[in-house]
Structure formats: C-alpha cells, structure tokens
Amino acid sequence: MSIIAAMLGIQNQIGQGLLGDSSLGWIMNVLFYVIFVVFIFYGSRIQTYVMIREVEGSLYKLKYIKEEGRKMAVETIKEIGKPQTDPTAKVDRFLEYFTIAPQTLDPAGVVWKLEHILDVRDERLKDEVKLMAPAADETQANNLENTLEAAMALNFIYKVIRHFYLLGKKTLSLYIIMQIQMILPMIMREAEAYASALKAFAFGQPIGDGAGALVAAKIMHGYETKKIEKDCVVSTVPFEGRTAFVIKAEGPGGNVGKPGDAIEHVIEENNGKIAMVVMIDAALKLEGEGLGEVAEGVGAAIGGPGVDQYKIEEKILKYHIPINAVIVKEDTGDAVSPMRKEIFDSVNTVVDRIKEVVLERTKEGDKIIIAGIGNTIGIGQ
Amino acid sequence: MSGTQATASTARISTFLLLVVFLTLALSFVALIFGATVVEQNTEASWVLLLLGFVGVSLSTYVLFQTRRRLSKLKIVVPPVVTTIECKKCGFKNVREFQRGDYIFKEGEPCQKCNDKMLITAIYREVKDKEKNRMPF
C-alpha cells in the first residue's frame, strides 16, 4: 500500500505541478488511478501470475533434467547390461516405483515392519536391475541401481512441482502456488545435485556421502577383510595399541550396506566387550560452514530411515558401550555429486581425530569398533 | 551429458512475457521521443518523461537478456574428475582423468619407473569456489 501511496504522490506532482492542465497531465492522472484500482482489486491475482511464471520456468528446467536422467539411465543400461530388448519401457516402469511406509497408529514394532518393507524394496529393485541389465556384474548392478534411483528422485521432484503448478493454475490460489514457490530454490538445488549424481553413479565415481566409507577404507586397507551382515565388510586392525574392528559397506559398487546389523554382529561376537564405538559419516553443513570441516560429538552418526540407528542404539544400551561420532560437513549437492577435493582431504584429519578419541577414551588392549558410514561407490577396501 | 545444451522446445519463452517486454519497450521509446520534443516547452515534464523512458528501456532490455541467459543456463555441467595413481615402491605419482572402472584402492597399471603395480589413491573433483572469502562472516 505504501508503494501505491507514493505513486499517488508522484502522479499528483506530475499531473498538477509539472504538466499543469495539459492533456498529458490528464492522461497521467487517469493512468495512475487505473493502476491504483487494478492493484487494489487484482494485486494478489497479479502476484499469483508472477509466481506461476516463476514456477513454470523452473518446471522447464526440471523437465529437462528429468529427461536427461532417464536418457542417461537407459544409455548406461544398454552399454553395461547388454540387454536383448530395449530397456526403455522397463526403465519408465522403474521410475514410477513407490514404497508405502508402514502404519504408525500403533508404533510398537514399527522399526521391524519398516526394515522388512525396505528389504523387500531393495530385493525387488535389485531383481529389476538384473532383468534390465543381465550382463552387469555385482558392482555394475549396484551402480546401475543407484543411477536409476537418482533418475527416480528427479522424476518424483518434477511430478510434485508439476502437480502444484497445475493445481495453482487451475485454482489461481495464491496460497497453493506460494507454498511451492517459496521452497523452489531449495528444490532446484536438490534437483541439480541429483543431476550431477547421475553421472557419478553411472561411472562409479566416489561421491561426497562416501566420506565415512573412505575413512574406514583408509584404516582397513592392507588388512584382511571378512564379509558380514548384509553387504558390509569388517577388518581387524591394530590401532594405537587397541584392536579395532573396522566396518564399512562392501565396495566399490554403489552400496550403503546395513551397518546396524554389522555393528550388532561384531558386538555380539565379542560378548559386548567393546570399549567404544566410533562412527564416521558425512553430515549436512549449515550455510557459512566450510566444506569438509570435521566435527566431533556423541551418538550414532547415521542417516537413512532410522532402522540402523535404532539397532545400534539398542545394542550399545544393552552393553553400556560409549558411542562417539566424527562427521565431515558438506551440503546436499556435495553429498550426492562426485567427491570434492576438500572432502577427500578431510579424511586424514578424521583419522587423526579418531586416534585422539581412542587414545583419550580407551585403554591399551581394548577392543573398539570404527564404522565408516555412507555410500561406498568408487571406494574399494 | 556434460555440457549438453537445451533444445529450443524444452526451454520455450512465454509469448505473454515477450509481448509485455516489447510493449514496455515501445512505450518507453515513445516516452523518450515525447520527452525530447517537449524539452523546450516544459523542461521538468520532459525530464520526467526521459527518466521514465530510460527506466523502461533498461528494464525491458534487462528482462530480454535474462530470458536469453536462462536459455543458455539450461545444461547439466559436470566438472572433470581426476584419478591419482601412486606407486608404493618408488613413490611415482600420476594424475589423469577419471576412467570408467576406476575406484579408490584399485591396483592399476604397472609403474612407468619400477614396473611395480600402482594403486589408485584418490579420485576427486576440484571446484574453483567463486564466492570464497566474499562474505564477511
């Protein structure tokens, strides 16, 4: 309203002071009154149109990114999987795949229900990838699964934004279009991150989320590894006079494993006689914090749907094992795109931090668990 | 996919927007011409019209350039990823572009100096941060 008041002031000056009683003055007067009335009655409608245009612009970009993702997934399957038939139809079906979360009206036991549903989903996706790409080995199949999941995420983002755009256009409701327009910059950042993740997954390049897995790989490299609970490996490594059980997802294929089960297994195998658990993971940084900054704290540093975190917390509570966490800070974009040098360089700092924590909080001869969490794509052991 | 340009069909510019921009441009030119012709009779009014004309021309030109820029921005840029291979025996280091199949701790090609097996020790991408140190916080 203050803008309108200022406009009225200006028009009065122009109309009476500068232009006098000339016809131009009258035209200006009428024009300003018309604008004033239009803004009073149609202000929110004009704002809605402007927002719809803004969302439309982003929707074109999202459509382009989504199409590129789909194209890349199909091309990679054709190149690696050598299928007999064209996999495009199967890819399209895969992109529409959904998972229904368990009912939480009675929350008791929901973790196990969620775990079961996630296991079924994982098996189903793996089977679909095998059907689409019969010639792919295990590593390539894991990478393909990750590529398809990134394409799936882009497809979902595009469809949600399109839904709000069309709904906003149909209803011309400022509040429908406003809620999507306000979070659009964040959504676009996420979509761009997934777009750059596509190539990383298709080519098997390490991603920012693999910082924890890389730390574990650095510590266990050169020692014998043993396959344990779902898609994880463990190495027994002498570490500053202690015995460290170093756990990570099995690489180099795109895989996060089930570190919850792996940690549980190692704790039970040692009858709970573990002096400390140290978890390393990539964590979301706040704007202003440096990329690859290392921070230390307590608790189970693990993302995802929460099943693994629950299992770890249950087990360490049973045996009263202290748990420490070291995190590498990065934003969403860096977490899913090819690993940046700053994150790679932070790995040595993390190893030094772990050494400090272990020396300060445990005695010589103790047994400890070091778990590197994250997607191990492009990282061996 | 790297550096792929968007096709014209994917990034259509709205005709409504173009119409508004060109209308503003035309009106601004009229204001400029009118301002220039009445400069002798009413100096203050001509200055106001000239100002309005200049603002209109600048704004519409800016919007036109922005739409052009938006078109050219529609591409997925993937920065190059490099692989570092090291020989543990003689310390020879080789940095090359990432190749499909590379992974950290993979035993790679034989060393050019001592013929021992080399190991991939790093795979990363380097990004030149434009905004570095610009913020005072």
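What follows draws every value from the coordinates through simple rules; no lab data is involved. Nothing here was measured: the structure is a model prediction, and the numbers come from that model. Using ideal geometry, Cβ is built from the backbone for each residue, glycine included, and neighbour counts are taken over all protein chains shown.
Structural remarks
- Electrostatic dipole magnitude of chain A [Cβ: Lys, Arg +1; Asp, Glu -1; Cα centre; debye, to 20]: 880 debye
- Qualifying aspartates and glutamates (Cα of each under 14 Å from Cα of A:Lys367; at least 8 residues distant if same chain): A:Glu240, A:Glu268, A:Glu269
- Relative to the longest principal axis of the Cα atoms of chain A, helix A:307-319 runs at roughly 40 degrees.
- Each other residue within a Cβ distance under 15 Å of B:Leu119 adds +1 if Lys or Arg and -1 if Asp or Glu, for a net charge of +3.
- Nearby lysines by direct alpha-carbon distance to B:Lys117 (threshold 16 angstrom, same-chain neighbours under 8 apart not counted): B:Lys88, B:Lys89, B:Lys93, B:Lys106
- Across all C-alpha atoms in segment A:281-361, the radius of gyration and Dmax reach 14.0, 40 Å.
- Furthest towards positive pole of dipole, A:Ala135, A:Ile323, A:Val91, structure part chain A, Cβ charges: A:Val91
- For residues of A:56-64, the mean tally of beta carbons on other chains within 10 Å: 4
- B:Phe22/A:Asp92 FRET efficiency (R0 60 Å; Cβ-Cβ; nearest 0.05): 0.90
- Only the Cβ atoms of Lys and Arg (+1) and of Asp and Glu (-1) were treated as charged; on that basis the dipole of segment A:188-322 about its Cα centre amounts to roughly 320 debye.
- Test item: B:118-124 mean partner chain Cβ contacts at 10 Å: 5
- Acute angle (nearest 10 degrees) that the helix A:341-361 long axis makes with the longest principal axis of chain A, alpha-carbon atoms: 50 degrees
- Straight-distance candidates among the aspartates and glutamates for linking to A:Lys82, with alpha-carbon spacing under 17 Å and chain neighbours fewer than 8 residues away dropped: A:Asp127, A:Glu128, A:Asp137, A:Glu138, A:Glu145.
- By the equivalent-ellipsoid construction on the alpha carbon gyration tensor, the protein assembly as shown comes out with semi-axes of 57, 25, 25 Å, ordered largest to smallest.
- Residue of A:Lys367, A:Lys199, A:Lys341 that the Gaussian network model of chain A assigns the largest fluctuation, springs spanning Cα pairs under 10 Å: A:Lys341
- Calculation over all alpha carbon pairs of segment B:81-125 in 5 angstrom steps from 0 returns a P(r) of 6, 28, 36, 19, 10, 2 percent.
- Computed 3J(HN,Hα) for segment A:276-282, one whole-Hz value per residue from the Karplus formula 6.51 cos²θ - 1.76 cosθ + 1.60 where θ = phi - 60°, is 6, 10, 10, 10, 10, 8, 7, glycine and proline marked x.
- Under 5 Å, built H, 5+ apart or other chain: amide partners of A:Ala301: A:Met279
- Checked against a 27 Å cut-off, the cross-linked pairs A:Lys78/A:Lys329; A:Lys355/B:Lys128; A:Lys227/A:Lys341; A:Lys78/A:Lys126; A:Lys285/A:Lys315; A:Lys71/A:Lys170 give Cα-Cα distances beyond that limit for A:Lys78/A:Lys329; A:Lys355/B:Lys128; A:Lys227/A:Lys341; A:Lys285/A:Lys315; A:Lys71/A:Lys170.
- Local electrostatic count at A:Val237 - Lys and Arg +1, Asp and Glu -1, tallied over other residues with Cβ under 13 Å: +4
- Taking the DSSP bridge list for the protein assembly as shown and keeping only pairs wholly inside it, about 60 percent are antiparallel.
- Rounded Å value of the spacing that divides the Cα centres of segment A:264-314 and segment A:64-129: 27 Å
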